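Structure first, commentary second.
The values are calculated or read from the model by the stated rules, or taken from the named source; none is laboratory data. No experiment lies behind these values; they were computed from the predicted model shown. No Cβ is skipped: glycine too gets one built from the backbone with ideal geometry, and neighbour counts run over all protein chains shown.
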Amino acid sequence: MRVRVYLLIAAWLVTNGLASLPSCHAVLFESTGETTYNTTAPSGTLSGSGWQHEGQWGNFLGTPVAPMLFLAAKHVGGATGDVFVLNGFTYHTVASNDCPNCDLRLWQVAETFPAYALLYTNSTEVGKQCIIFGRGTQRGDAVTNTTGVLKGWKWGISDSVERWGQNVISGVYTDQTNGEMLQATFGINVCDLTDGDSSGGMFIQNGSTWRLAGIHHGVDGPFSTDGTTNTQFDAALLDIGGLYVEGVTNWIFVSQQSSDQPSSFYSTRVSANLSWINGVINAASPVAPVASFSANATNGPWPLTVTFTDTSTGTLTNRFWNFGDGSTTNTTANILTHNYGGSGTNTVSLTVRGPAGASSITLTNYIAIGNEEAPATPEGLAVTFVSANEIDLIWMTSTNASDLSFVGYEIFRNGVQVAATGATNWADRVVAPSSNYCYAVVAYNAQRTASSASAPVCTNTFASPGSLRGTYSGLVLQTNAPSDATSGSLQLVISKTGTFTAKPTMGGVRSSFRGQFDASGNSTNTVTPHGLNQLQVILHLDIENHTDQITGTVSDNSTFTSVLLANRAVFNRTNPCPQAGQYTVVFDAPPGNETNLPSGTGNASFAVTRAGTGRMTGVLADGTKINVSAPVSQDGTWPLYEALYSKKQGACIGWVTFDTNDTLSATVDWYRPPMPKAKTFPRGFSTTVTLTGQ
């Protein structure tokens, strides 16, 4: 049955021109939605089935296939210099080679893998059991038909957790661009792939050895219940009959059959690309080794167990260690432990060898073992300053820091030592924005006997300006004596690098300038609108509290200083604006019978889209038309500003607020310049009107 379904899906791909297969990212199971299911290495008869060869390549997986090469899907990207992490060890990429006719890329690393996956070289994959690996989404909501019959599950939350699953290869599909793919279908007691599993490995057992047979490429979908994007979804389906599948230019209906027609996933076929893979492997020349190593602890009271990690680069075949206490070892492992049983200082050396030569490194007095009393544990560790790229620490002096043997303090970030100092303060400037860091401090003496760690302190760095990129809209208002010349609007667009383009309108004159927010979200700029005095614009982006707001001032440095507030546009199709709808608005004049002010009312219609754009069109009490468009903020306010009259020398301005009872209100300042030839109000006016709407 699976073969027949595979042929049907392949026919769709060829004759109907389905859109490119969506990339895949995480293993999903028919039997369970448990988030911890199959998140550790397979055991029993499935031991050694590939888990040990799967390493982290960014948000995806990669598989070593040679001493210094790992295989990944081409479409997941990556750049030379990025790191590949396998079994806790970091490898640095130095080159890449792309398959000309398939979705594979071989990455070369500077270090040497202690082991790597063997390749499946036969063309007998169809019908064989396979073990697959991936990272990404959990199982989402169930998909049922109109009668409640289970069809499958939507893709759920992406968690980037590595999982493994089992399936059976149902066929081989040839893609016009990416060559031959191994196909596996979803069904009872087998798994499927979802958004995030791209580049994971597919393994087949050959005799007693599990071998790499495929690298994950894509999945069937997306699907729709009515053939429109309104009902579009991604899913692992036990039966796609009765649903629509997206094609290149249209949706394709899949008729309901007597047998289930499951969805499939596809992995680039290794056996079809052996010539290219082996050619790259054979061409990779050995690299001369450069010795280096690190230890998880360099001091402490005896007995002390130290874990050494070889961080050497180059093509390596073996490692010779001298631990400085009379013990040596020759090994191929890049991580090993050694027990020091007596006090003293120990000089450690490492010699690494490979086909391109040998290299040695010696660290004198590297491991210090003491048997005297350790310094007192530092107290009072606290954070004194935080920004997007810096965290400053301070702590109290260790109570026995006056001892002759006392040396200083070691600082640990997230459990790893990052610095040593004799002072009681330290600034960490190697941190990333929007990240959490925890610190602890230990005191140590001349014999490297260390205290216990201080009580930890944790903090989050601020967001970088670029992480708050988007469009901001707002108003400039002089709070004590608003006027047309001192008030206006501001539109500002922030890029992913933190640079921005701003377009202020003051006194009816629009101008523009560019700038850059610093790590604290501050920027000071000058702009000279045509025909007006130079303005100083001081901006502050709230990167600490994530309010999606820019505050600041606009001034001409002599006659006025106005307050600026702009909000980021946050609503879109997936985050609809709760105030969306149609409103009728009235502008009421203040009470009284002022003959030099308009005494009637204005009116307007106000429409807010689901994407949060509000547009107000209408007429003021003196007959002047308004047409204003701006986004609604996440706190339910909307900036009303319209330059009016001849040469845009008048305006109406105010913040419109959406109330909880689906009404809106505002106090609007309205300015009209002197117009001697006008039939009404030739001297102009400045007034305040009340806006209400529902």
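Would you pick out the residues in segment 510-551 that are among the polar types (S, T, N, Q) and part of a loop (DSSP other than H, G, I, E, B)? Before you say what the answer is, go through the steps one by one.
Taking segment 510-551 first, the residues among the polar types (S, T, N, Q) are 511-512, 516, 520, 522-526, 528, 533-534, 536, 545, 547, 549, 551.
Hits for segment 510-551 are SER511, SER512, SER520, THR528, ASN533, GLN534, ASN545, THR547.
Is there a residue being at pLDDT below 90, touching a Gly at 6+ places or on another chain (Cβ under 8 Å), buried (at least 22 other Cβ atoms within 10 Å of the Cβ) and not in a strand (DSSP E or B) anywhere in segment 131-153?
No: segment 131-153 contains no residue that is at pLDDT below 90, touching a Gly at 6+ places or on another chain (Cβ under 8 Å), buried (at least 22 other Cβ atoms within 10 Å of the Cβ) and not in a strand (DSSP E or B).
Is there a residue in segment 302-325 that is surrounded by 21 or more Cβ atoms within 10 Å (Cβ to Cβ), without any contact (Cβ under 8 Å) to a residue 40 or more places away in the chain and not hydrophobic (A, V, I, L, M, F, W, C)?
Checked against the condition, which is being surrounded by 21 or more Cβ atoms within 10 Å (Cβ to Cβ), without any contact (Cβ under 8 Å) to a residue 40 or more places away in the chain and not hydrophobic (A, V, I, L, M, F, W, C), segment 302-325 yields at least one hit.
Under the condition of being more than 35 Å from the chain's Cα centre (by Cα) and part of a loop (DSSP other than H, G, I, E, B), which residue from segment 317-337 is modelled with the lowest pLDDT? I'd like the intermediate steps shown before the answer.
Of the residues in segment 317-337, the ones more than 35 Å from the chain's Cα centre (by Cα) are 317-332, 337.
Okay, now just the ones that are also part of a loop (DSSP other than H, G, I, E, B), so 317, 323-327, 332.
Working: THR317: 79, PHE323: 97, GLY324: 95, ASP325: 94, GLY326: 94, SER327: 95, THR332: 83.
In this case the residue turns out to be THR317.
Conditions (1) touching a residue at least 60 places away in the same chain (Cβ under 8 Å); (2) on the phi < 0 side of the Ramachandran plot, marked per residue:
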{"position": "THR39", "(1), (2)": "yes, yes"}
{"position": "GLY50", "(1), (2)": "yes, no"}
{"position": "HIS53", "(1), (2)": "yes, yes"}
{"position": "GLY58", "(1), (2)": "no, no"}
{"position": "ALA72", "(1), (2)": "yes, yes"}
{"position": "GLY78", "(1), (2)": "no, no"}
{"position": "VAL85", "(1), (2)": "no, yes"}
{"position": "GLY88", "(1), (2)": "yes, no"}
{"position": "TRP107", "(1), (2)": "no, yes"}
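Among the residues of segment 56-69, write down those that are within 24 Å of the chain's Cα centre (by Cα) and closer than 23 Å to ASN178 by Cβ. Spell out the reasoning first.
Going through segment 56-69, the residues within 24 Å of the chain's Cα centre (by Cα) turn out to be 56-63.
Within segment 56-69, TRP57, GLY58, ASN59, PHE60, LEU61, GLY62, THR63 qualify.
Could you give every pair whose Cβ atoms fall below 8 Å, whose first residue belongs to segment 275-287 and is without any contact (Cβ under 8 Å) to a residue 12 or more places away in the chain and of a type in the set (D, E, K, R), and whose second residue is part of a helix (DSSP H, G or I) and buried (at least 17 other Cβ atoms within 10 Å of the Cβ), counting only separations of at least 6 or pairs across chains?
Short answer, once both residue conditions are applied: none.
Let me confirm something: among ALA115, ALA41, which residue is in contact with a helix residue (DSSP H, G or I) (Cβ under 6 Å, 6 or more places away or on another chain) and either over 26 Å from ASN206 (Cα atoms) or part of a loop (DSSP other than H, G, I, E, B) (or both)?
Working: ALA115 fails: in contact with a helix residue (DSSP H, G or I) (Cβ under 6 Å, 6 or more places away or on another chain).
That would be ALA41, the only listed residue that is in contact with a helix residue (DSSP H, G or I) (Cβ under 6 Å, 6 or more places away or on another chain) and either over 26 Å from ASN206 (Cα atoms) or part of a loop (DSSP other than H, G, I, E, B) (or both).
Output the residue which, of all residues in segment 616-635 that are among the charged types (D, E, K, R) and within 19 Å of PRO598 (Cα to Cα), is surrounded by the fewest Cβ atoms within 10 Å (Cβ to Cβ).
Going residue by residue through segment 616-635, those that are among the charged types (D, E, K, R) are 622, 625, 635.
Those still in the list that are within 19 Å of PRO598 (Cα to Cα) too: 622, 625.
Values: ASP622: 18, LYS625: 12.
Filtering first and then ranking leaves LYS625.
Filter segment 486-499 down to the residues that are in a loop (DSSP other than H, G, I, E, B) and either hydroxyl-bearing (Ser, Thr, Tyr) or under 10 Å from ALA651 (Cβ atoms) (or both) and list them by number. Let's see the steps before the verdict.
Of the residues in segment 486-499, the ones in a loop (DSSP other than H, G, I, E, B) are 486-487, 495-498.
Once the filter is applied, which keeps residues that are in a loop (DSSP other than H, G, I, E, B) and either hydroxyl-bearing (Ser, Thr, Tyr) or under 10 Å from ALA651 (Cβ atoms) (or both), segment 486-499 yields THR486, SER487, SER495, THR497.
Could you please give the count of residues in segment 298-315 that are more than 36 Å from the chain's Cα centre (by Cα) and not in a loop (DSSP other than H, G, I, E, B)? Full working, then the answer.
Filtering segment 298-315 down to residues more than 36 Å from the chain's Cα centre (by Cα) leaves 299-305.
If we keep only those that are not in a loop (DSSP other than H, G, I, E, B) as well, we get 299-301, 304-305.
Selection size over segment 298-315: 5.
Which one is nearest to ARG319 (Cα to Cα) among residues in segment 353-365 that are buried (at least 17 other Cβ atoms within 10 Å of the Cβ) and modelled with pLDDT under 95?
Let us first name the residues in segment 353-365 that are buried (at least 17 other Cβ atoms within 10 Å of the Cβ), namely 353-354, 359, 363.
Narrowing further to those that are modelled with pLDDT under 95: 353-354.
Details: ARG353: 7, GLY354: 9 Å.
Looking at residues that are buried (at least 17 other Cβ atoms within 10 Å of the Cβ) and modelled with pLDDT under 95, I get ARG353.
Just give me the residues in segment 616-666 being under 17 Å from GLY684 (Cα atoms) and β-branched (Val, Ile, Thr), in sequence order.
THR624, ILE653 - these are the residues of segment 616-666 that are under 17 Å from GLY684 (Cα atoms) and β-branched (Val, Ile, Thr).
Consider only pairs whose beta carbons are under 7 Å apart and that are at least six residues apart or on different chains; among these, list those whose first residue lies in segment 344-371 and is at positive phi and whose second residue is in a loop (DSSP other than H, G, I, E, B) and modelled with pLDDT of 90 or more.
What qualifies is GLY357/PRO289.
Which one of the conditions (1) crowded, with 21+ Cβ neighbours inside 10 Å; (2) over 18 Å from GLN478 (Cα atoms) does VAL537 fail to meet, given that it meets all the rest?
Of (1) crowded, with 21+ Cβ neighbours inside 10 Å; (2) over 18 Å from GLN478 (Cα atoms), only one is false for VAL537: (2).
Can you tell me which condition SER96 does not meet? The list is (1) over 26 Å from PHE308 (Cβ atoms); (2) in a strand (DSSP E or B); (3) under 23 Å from the mean Cα position of the chain (by Cα), and all the others hold.
(3)
So, of the residues in segment 515-532 that are farther than 30 Å from SER435 by Cα and surrounded by 15 or more Cβ atoms within 10 Å (Cβ to Cβ), which turns out to be modelled with the highest pLDDT? Even if it seems obvious, please write down each step before you answer.
Taking segment 515-532 as the starting set, the residues that turn out to be farther than 30 Å from SER435 by Cα are 526-532.
Cutting the leftovers down to surrounded by 15 or more Cβ atoms within 10 Å (Cβ to Cβ) gives us 527, 529, 532.
Working: VAL527: 94, PRO529: 91, LEU532: 86.
That would be VAL527.
Among the residues of segment 606-633, write down those that are in a strand (DSSP E or B) and under 19 Å from LYS503 (Cβ atoms). Reasoning before the result, please.
First, pick out the residues of segment 606-633 that are in a strand (DSSP E or B): 606-608, 613-619, 625-631.
Across segment 606-633, the qualifying residues are THR613, GLY614, ARG615, ASN627, VAL628, SER629, ALA630, PRO631.
Just checking, which of SER487, SER483 is farther than 23 Å from GLY521 by Cα, crowded, with 22+ Cβ neighbours inside 10 Å and in contact with an Asp or Glu (Cβ under 9 Å, 6 or more places away or on another chain)? Let's see the steps before the verdict.
Numbers: SER483 fails: crowded, with 22+ Cβ neighbours inside 10 Å.
Sole residue among the options that is farther than 23 Å from GLY521 by Cα, crowded, with 22+ Cβ neighbours inside 10 Å and in contact with an Asp or Glu (Cβ under 9 Å, 6 or more places away or on another chain): SER487.
Looking at GLY470, GLY507, can you tell me which residue is on the phi > 0 side of the Ramachandran plot and touching a Leu at 6+ places or on another chain (Cβ under 7 Å)? Before you say what the answer is, go through the steps one by one.
On the way: GLY470 fails: touching a Leu at 6+ places or on another chain (Cβ under 7 Å).
Of the residues listed, the single one that is on the phi > 0 side of the Ramachandran plot and touching a Leu at 6+ places or on another chain (Cβ under 7 Å) is GLY507.
Considering only segment 408-422, how many residues are of a type in the set (A, V, I, L, M) and without any contact (Cβ under 8 Å) to a residue 12 or more places away in the chain?
Pass one, segment 408-422, residues of a type in the set (A, V, I, L, M): 411, 416, 418-420.
Those left that are additionally without any contact (Cβ under 8 Å) to a residue 12 or more places away in the chain: 416, 419.
So the answer is 2.
Would you confirm whether or not segment 288-297 contains a residue that is of a type outside the set (Phe, Trp, Tyr), more than 30 Å from ALA420 (Cβ to Cβ) and outside any strand (DSSP E or B)?
The initial filter retains those residues of segment 288-297 that are of a type outside the set (Phe, Trp, Tyr), namely 288-292, 294-297.
Filter once more, so that each one left must be more than 30 Å from ALA420 (Cβ to Cβ): 288.
Filter once more, keeping what is outside any strand (DSSP E or B): 288.
The answer is yes; a qualifying residue exists.
Condition check: farther than 18 Å from LYS128 by Cβ and acidic (Asp, Glu). Does ASP192 satisfy that?
Details: farther than 18 Å from LYS128 by Cβ: no; acidic (Asp, Glu): yes.
No; evaluated as a whole, the condition is false for this residue.
For segment 338-352, enumerate the residues that are assigned to a loop (DSSP other than H, G, I, E, B) and surrounded by 14 or more Cβ atoms within 10 Å (Cβ to Cβ).
Once the filter is applied, which keeps residues that are assigned to a loop (DSSP other than H, G, I, E, B) and surrounded by 14 or more Cβ atoms within 10 Å (Cβ to Cβ), segment 338-352 yields only SER343.
Just checking, how many residues over segment 442-459 are buried (at least 17 other Cβ atoms within 10 Å of the Cβ) and modelled with pLDDT under 90?
Looking only at that region, the number is 7.
Could you list all residues from segment 47-59 that are at pLDDT 95 or above and of a type outside the set (Gly, Ala, Ser)?
Correct list: TRP51, GLN52, HIS53, GLU54, GLN56, TRP57.
Hey, could you check segment 253-296 for residues that are within 30 Å of TRP153 (Cβ to Cβ) and out of contact with any Leu (no Cβ under 7 Å at 6 or more places or on another chain) and say which is surrounded by the fewest Cβ atoms within 10 Å (Cβ to Cβ)? Walk me through how you get there before you give the answer.
Going through segment 253-296, the residues within 30 Å of TRP153 (Cβ to Cβ) turn out to be 253-270.
Now narrow it down to the ones that are out of contact with any Leu (no Cβ under 7 Å at 6 or more places or on another chain): 253, 255-259, 264.
Numbers: PHE253: 14, SER255: 7, GLN256: 13, GLN257: 14, SER258: 5, SER259: 11, SER264: 29.
The residue in question is SER258.
Taking segment 640-661 as the search range and keeping residues that are without any contact (Cβ under 8 Å) to a residue 24 or more places away in the chain and part of a strand (DSSP E or B), which one is surrounded by the fewest Cβ atoms within 10 Å (Cβ to Cβ)?
So the first thing to find is which residues in segment 640-661 are without any contact (Cβ under 8 Å) to a residue 24 or more places away in the chain, and the list is 642, 657, 659-661.
Right, trim to part of a strand (DSSP E or B) and you get 642, 657.
On the way: GLU642: 21, THR657: 15.
Filtering segment 640-661 for residues that are without any contact (Cβ under 8 Å) to a residue 24 or more places away in the chain and part of a strand (DSSP E or B), the one surrounded by the fewest Cβ atoms within 10 Å (Cβ to Cβ) comes out as THR657.
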